[in-house]
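Here the structure is laid out as structure tokens; the discussion comes afterwards.
The values are calculated or read from the model by the stated rules, or taken from the named source; none is laboratory data. Worth saying up front: this structure is predicted, and the values here are computed from it rather than measured. All Cβ positions, glycine included, derive from the backbone under ideal geometry; neighbour counts span all protein chains shown. Ligands, DNA and RNA are stripped out before the accessible areas are found, and what is left, the full protein with its side chains, is counted by its heavy atoms. Shrake-Rupley method; radii C 1.70, N 1.55, O 1.52, S 1.80 Å.
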Amino acid sequence: MPKLVSYVVVPLKKAQSVKEFLIKNNLLDHDSAFKKNEDSISFPVLRAVDVVKRKFPFVRVENGDLIVKSQRVKKGTLKEALAKQLSSRELMRLRRAYDVVGSIAILEVPPEFEQKAHLLASSILESHKNIKTVLCKAGAHAGEFRTQPMKFLAGVDTRETIHVESGTRIKLDVEKVYYSVRLGTERLRIAQEVKPGESVLVMFSGCGPYPLVLAKKSKAVRIVGIEMNPRAHEYGLENVKINKVKNVKLLQGDVIKVAHELQEKFDRVVMPLPKSAGDFLDSALFVAKKGAVIHLYDFLKEGEFEEAHKKIRQACKEHGVACKILRTVKCGQHAPRTFRVCVDFVVE
Ligand SMILES: C[S@@+](CC[C@H](N)C(=O)[O-])C[C@H]1O[C@@H](n2cnc3c(N)ncnc32)[C@H](O)[C@@H]1O
């Protein structure tokens, strides 16, 4: 006998508010799938729904056969790979996908899945031929190099790979070097801002993704990168060779020291160190030509972006220059309600 469940039937146009209400009040049955037709959607519910009818008088309640959710898992996702091994309730809780850096998949395993981490890893290896290694994050980005500890799960035990981003090949050790595939779109945005003939300084250049993408995707004449982590810098140098770019020069050391020793000024300065880029604004202003554009990254809560503008205005005032904020761009989510933000401003 098929199992019966109760469904709340809602006109399609009003479905979103009802769905949010069901989730908020723990009424949605995550084990069963929705049913949809041309003008209505039926949400499976766990228990008495009087409260739903009182709040939304237009809904209808009816009983129907349970449709198991795992039958409807999307192709090509981690969920697909796990559908056979986890219950549909467990699948619902596994919200985040994994990152793929070159041939390495990096999982973020929630505590309740730790026991099953190896199972997840083997599933990924089996279903994605381009992935040779599966690691999982074993801590947060930390220290001045912003590196992240990783734990080996399955496949070839290595941390080194080559990732292709915007037509560049980026070789790195994912544990010894900071690199985020999620910032690829943002790097392209900066490349599109660069005008022909510009000279660009990339502070905190890591293994070189910004300099390489700017070299490939803009008409900058000269790009200088500064990076303190010796391993990241070594990879950066190798990446310059691998990509055969001629207009990139990478320097190793602390931005504050190296920038002040540089005998040149730049049309554009990129500052991709959101945790503390504000501390380096004085160095950025020191190397910026009049009219230069500076891209300052920061982690900010929604509604508090003005904090970064204040920091910029204060630094410019102390440096004796005027500035104009051009735009503030959200370029990723860092934590709930906290975003990675880039403020573009011009030094006047
Ligand atoms: C968030 S990562 C960004 C790396 C790279 N730009 C990218 O997008 O992948 C910041 C980098 O800044 C480097 N760093 C931190 N403090 C520094 C300093 N004072 N001088 C030079 N590099 C620094 C770290 O080692 C790290 O590689």
Which aspartates and glutamates have a Cα lying under 20 Å from the Cα of Lys290, excluding residues fewer than 8 positions away in the same chain? Glu193, Glu198, Glu261, Glu264, Asp267, Asp282, Glu318, Asp344, Glu348
Working with all protein chains in place, sort Phe339, Phe113 by solvent-accessible area computed with a 1.4 Å probe, largest first. Phe339, Phe113
Sort by residue number and report every cysteine in the chain with no other cysteine beta carbon within a distance under 4.7 Å. Cys136, Cys207, Cys331, Cys342
Rounded to two decimals, what is Rg over Rh for the chain when you use alpha-carbon atoms and the Kirkwood radius? 1.08
Sorted by mean Cβ packing within 10 Å, highest first, what order do the peptides 205-214, 326-335 take? 205-214, 326-335
Residue farthest toward the positive end of the dipole of the stretch 4-67, with Cβ of Lys/Arg at +1 and Asp/Glu at -1: which of Phe34, Val45, Ile23? Ile23
Step through the table entries Lys275/Lys311; Lys171/Lys275; Lys151/Lys301; Lys219/Lys249; Lys19/Lys116; Lys19/Lys55, compare each Cα-Cα distance with 20 Å, and write down the pairs that go over it. Lys171/Lys275; Lys151/Lys301; Lys19/Lys116
Ranked by accessible surface with a 1.4 Å probe, highest first, in what order do Arg337, Arg189, Arg313 come? Arg337, Arg313, Arg189
Under the Kirkwood approximation for Rh and a Cα-based Rg, what ratio Rg/Rh is obtained for the stretch 244-319? 1.00
Dmax and Rg, reported as Rg then Dmax, of the stretch 18-57 (C-alpha, Å): 10.2, 27
Accessible area of Ser42 in the full protein assembly, 1.4 Å probe (Å², nearest 10): 10
Defining a contact as two alpha carbons under 8 Å apart and six or more residues distant in sequence, what relative contact order in percent does the stretch 197-291 show? 32
Could you work out how far apart the two model spin labels at Val181 and Lys249 are, taking each label as a point 7 Å from the Cα in the direction of the beta carbon, and quote it in nm? 3.5
Which value, in debye to the nearest 20, describes the size of the charge dipole of the chain about its Cα centre when Lys and Arg Cβ atoms bear +1, Asp and Glu Cβ atoms bear -1, and nothing else is charged? 980
